[in-house]
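Student: Right, I'll just put the structure down here and ask away after.
The values are calculated or read from the model by the stated rules, or taken from the named source; none is laboratory data. Since this is a predicted model, take the numbers as computed values, not measurements. Using ideal geometry, Cβ is built from the backbone for each residue, glycine included, and neighbour counts are taken over all protein chains shown.
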Amino acid sequence: MIEWFSANKLVLNLEKNIYNEICNNKSTTLCTDSYKDKCIEEVVDLKFLGIQIDNRLNWRNHIDQIIPRLSIACYMVRRMCHICNNDTLRSIYFAYFHSVVSYGMIFWGNFSRSRKIFTLQQKIIRIMMGAPPRTSCRKLFKKLEILTVPSQYIYSLISFLIVNLDKFLTNSSVHSINKRNRHHLQRPIANLSCFQKGTSHFRIRIFNNLPQCTAGVMYAISTC
């Protein structure tokens, strides 16, 4: 890395840099590398472009970081629901809740801890509609025209995949046999559950589970 910076006439400030080694081992051993008597510290998690990344990629720290912000949004809606109509409450929701949840969701939306985010979303929806705490939110989401957290995650994956569909291989491009799943995308072989829950693997599974006619139309649109 130092050689690359030197070749491109750049200088790396070693005193202001840390590094995070992504690994799958349960044990964590932190070490410190040095260059010209200056240390580069290894950390378990770090913040990059507003997303908290840990060395296990379980996104626990990032979700725990945004939960207090979402709780504040619930409090704001609770204080405003008596003096605002649904349109104003929806604006508050999208400004202070949806914007926080949707940012980086494509990475952490499929992990188990995201259920806490969904629970907070159900809470704020009930507050907006003045419903009791144990009321089913199915009809409330439809009435407010708001996607649930799992639905928003699927939507973000499909949106990313459609824009970048030319970067994925389909079954028809691998072999010439005219099968019914010829429009399905090739899934990478993965044994680790962490990878199977990840973005690159899970979005292909979602696309392949779409109806055949829908997948064919989406592929045709992306190649036009």
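Student: Please report, ordered by residue number, the helices (runs of 4 or more DSSP H) entirely within region 86-205 with at least 2 residues that are outside the structural domain of residue 61 (by TED's automatic domain parsing), modelled with pLDDT under 90 and crowded, with 19+ Cβ neighbours inside 10 Å. Give the steps one after another, and end with the answer.
Tutor: On the way: elements: 86-93, 99-102, 105-108, 115-129, 138-144, 149-163, 171-174, 193-196.
Counting at least 2 such residues, we get 149-163.
Student: Does residue 72 satisfy being modelled with pLDDT under 90, of a type outside the set (Phe, Trp, Tyr) and either in the same structural domain as residue 144 (by TED's automatic domain parsing) or part of a helix (DSSP H, G or I) (or both)? First the steps, then the outcome.
Tutor: Working: modelled with pLDDT under 90: no; of a type outside the set (Phe, Trp, Tyr): yes; either in the same structural domain as residue 144 (by TED's automatic domain parsing) or part of a helix (DSSP H, G or I) (or both): yes.
Criteria not met by residue 72.
Student: Look at residue 61 and say whether it is closer than 30 Å to residue 19 by Cα, in contact with a Ser or Thr (Cβ under 8 Å, 6 or more places away or on another chain) and of a type outside the set (A, V, I, L, M, F, W, C).
Tutor: Numbers: closer than 30 Å to residue 19 by Cα: yes; in contact with a Ser or Thr (Cβ under 8 Å, 6 or more places away or on another chain): no; of a type outside the set (A, V, I, L, M, F, W, C): yes.
Taking the combined requirement at face value, the residue does not satisfy it.
Student: Consider residue 80 against the criteria (1) free of Cβ contacts under 8 Å to residues at least 60 places away in the same chain; (2) within 22 Å of the chain's Cα centre (by Cα): it satisfies all of them except one. Which criterion is unmet?
Tutor: All conditions pass for residue 80, except number (2).
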